Every structure is written in structure tokens, then in C-alpha cells.
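The values are calculated or read from the model by the stated rules, or taken from the named source; none is laboratory data. This is a predicted model, so every value here is computed, not measured. So basically every Cβ, Gly included, is an ideal-geometry build from the backbone, and we count neighbours across all protein chains shown. Quick note on the areas: whole protein, heavy atoms, side chains included, nothing else; ligands and nucleic acids left out. Shrake-Rupley method; radii C 1.70, N 1.55, O 1.52, S 1.80 Å.
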Amino acid sequence: MSADGILQRGLLLLGFDDATIPSLSQKIDAYVKELQLFNGAYNLVNTSDRTELIVRHVFDSIAPWQIIESQADVMRLPTAPQRDVKNMHLQQNSISVGDIGSGGGFPGIPLALVFPQFAFTLVERMDKRCAFLENCVALLGLKNVRVLKSEAEQIAPESFDIAVFRAFRPFDEHIAQTLLALTKRNGMLGAYKAKRKNIEEEMRSVKNYIGNYEIVALHVPFMEEAERNFVLVKK
């Protein structure tokens, strides 16, 4: 199957409807081309192969989108009797999402394409990567995304309803404290991880800071050989 076929088929397998896929795939394709163009100079990801970028990075980033949407709905449900049962969509930018250690834009940019109604902040400490991210935001017309050059430790407490990270750092006491501090009360911290066995070992090391968490298996299209999980921590 061609890379274009994989992109279309993968989005369908991830649960997107036929009406959404053409626009979403067009923007993903433009993003992947920028990654290929600048990867060698900026060392953004560990591959420049188009199919690998789509499957192992874009699809992997998007895989928990329904989990994130579900958590966001809970955060912003109007209280009765004002709640409009027929219109459950979130208001524009009503949920703030921080992508911590964004690097080449994963998972923040793919998620921002999926959730134009959320306000995303791509947190990255390296100047050249911030420049790349700014370029992608402009190229893709992402009005819901800003790039913040910063260490995670320097961000104001409770900045985000949802904080996510992928290929950032392993959980340890310092990281657990830092990322939970960035998350608002009743918010969510989401970590993209691999093997469940390794996750459980990591989480034991931070049990004094994170008592309750959920490990949700992710199904990444065309990546069935690799175990992928999403660690969901509610604050």
C-alpha cells in the first residue's frame, strides 16, 4: 500500500469519518513534508521515511484522541439546567492543552489538527526546534496553537487543563511533580508509553506523587507489532 493509501486507511481505522479525512490527511501530508525537509538539519525525529513518519509518529500521536476528547467533555460539561443535550461540542479554545517537550511537534501538532476547538501550547526548549514549530504552525494555518520556548520547570503552575508528553523523559519523582504542577485541578496528564511492564515499574517509582492512574492500550494502525499504551493521570 502506498503512503497515501496508508494515511487514508489509517485515519479511517482511528475512527474518523469520511467527511473529515480529506482535509485532515491533506494537512498531515503537508506537515510530514516539512518534517522530511528539515529533519536532517534540526534532528527532529529518528527517521525521514514518509511512511514511518505517518505511522510511528502521526498515527501514534493521534491514537488516544477519543480518550482525550472524552476527558475534555467531562471537564467542560455545563451544569443542569443550562446544559444543552443536543449540542455537546466544546466552545472554541475552551480546553487548554500543553505538549511538553514537543520536539518536532509530537503529539501536539497532530492533536491540534484533530481538535481545532482546543488551545494548544507546544513547549520546547531548543531555539531551532521552536523555529521549526513556528513555521509549521504558520504553514498549516493553526490558529489554535502557540509555541513556547521554555523548560517545563519554568512554566506557571496550573497552566493547562490537559498536559501530554511523548518521548520527553521517563517518569521519576521530579518529572511527576513538575508535570502535575502544570496541570489544573480536575485536569489530566497523559503520557505516551510503550510496554505495560515498563510503565508499571516507572509508576512504582512515583507512587508517592501519583497514586491513581490508568494504563489504556493504544491501537496504532499498521504498527500492530509494537506495544503502545497511554498513561492517564487525573489530578
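Observations, loosely collected:
- Index of the failed condition, Leu37 passing every other in (1) part of a helix (DSSP H, G or I); (2) hydrophobic (A, V, I, L, M, F, W, C); (3) open to solvent by less than 70 Å² (accessible area, probe 1.4 Å): (3)
- Scoring Leu180 on the criteria (1) touching a Leu at 6+ places or on another chain (Cβ under 9 Å); (2) assigned to a strand (DSSP E or B) leaves a single failure, condition (2).
- The number of residues in region 121-162 being in a loop (DSSP other than H, G, I, E, B) and charged (D, E, K, R) comes to 4.
- Qualifying positions in region 146-155 - surrounded by fewer than 23 Cβ atoms within 10 Å (Cβ to Cβ) and touching a residue at least 12 places away in the same chain (Cβ under 8 Å): Arg146, Leu148, Lys149, Ser150, Glu151, Ala152, Glu153, Ile155
- Residue within region 107-116 that is part of a strand (DSSP E or B) and either of a type in the set (Val, Ile, Thr) or at pLDDT below 95 (or both) present: no
- Within region 52-79, the residues that satisfy the criterion of being open to solvent by 90 Å² or more (accessible area, probe 1.4 Å) and either under 23 Å from Pro170 (Cα atoms) or modelled with pLDDT under 95 (or both) are Arg56, Val74, Arg76, Thr79.
- Residue under evaluation Met1, criteria (1) surrounded by fewer than 17 Cβ atoms within 10 Å (Cβ to Cβ); (2) out of contact with any strand residue (DSSP E or B) (no Cβ under 9 Å at 6 or more places or on another chain); (3) over 23 Å from Arg228 (Cβ atoms), criterion not met: (3)
- Test set (1) hydrophobic (A, V, I, L, M, F, W, C); (2) in contact with a Phe, Trp or Tyr (Cβ under 9 Å, 6 or more places away or on another chain); (3) open to solvent by 10 Å² or more (accessible area, probe 1.4 Å) - Ala194 fails condition number: (2)
- Against the test of being assigned to a loop (DSSP other than H, G, I, E, B) and either buried (at least 17 other Cβ atoms within 10 Å of the Cβ) or modelled with pLDDT of 95 or more (or both), the options Val45, Val85, Val97 yield a single qualifying residue, Val45.
- Of all residues in region 54-76, those that are of a type in the set (Ser, Thr, Tyr) have Cβ atoms under 6 Å from Cβ atoms of residues that are part of a helix (DSSP H, G or I), 6 or more apart or on another chain, in Ser61/Pro110.
- Selection count, region 204-231, where residues are more than 18 Å from Phe59 (Cα to Cα) and either in a loop (DSSP other than H, G, I, E, B) or at pLDDT 95 or above (or both): 11
Every residue, every condition in (1) open to solvent by 60 Å² or more (accessible area, probe 1.4 Å); (2) at pLDDT 95 or above, yes or no:
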{"site": "Glu134", "(1), (2)": "yes, yes"}
{"site": "Asn144", "(1), (2)": "no, yes"}
{"site": "Glu158", "(1), (2)": "yes, yes"}
{"site": "Gln177", "(1), (2)": "yes, no"}
{"site": "Thr183", "(1), (2)": "no, yes"}
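- Ser102 meets each of the listed conditions (1) surrounded by fewer than 24 Cβ atoms within 10 Å (Cβ to Cβ); (2) small (Gly, Ala, Ser); (3) assigned to a loop (DSSP other than H, G, I, E, B) apart from (1).
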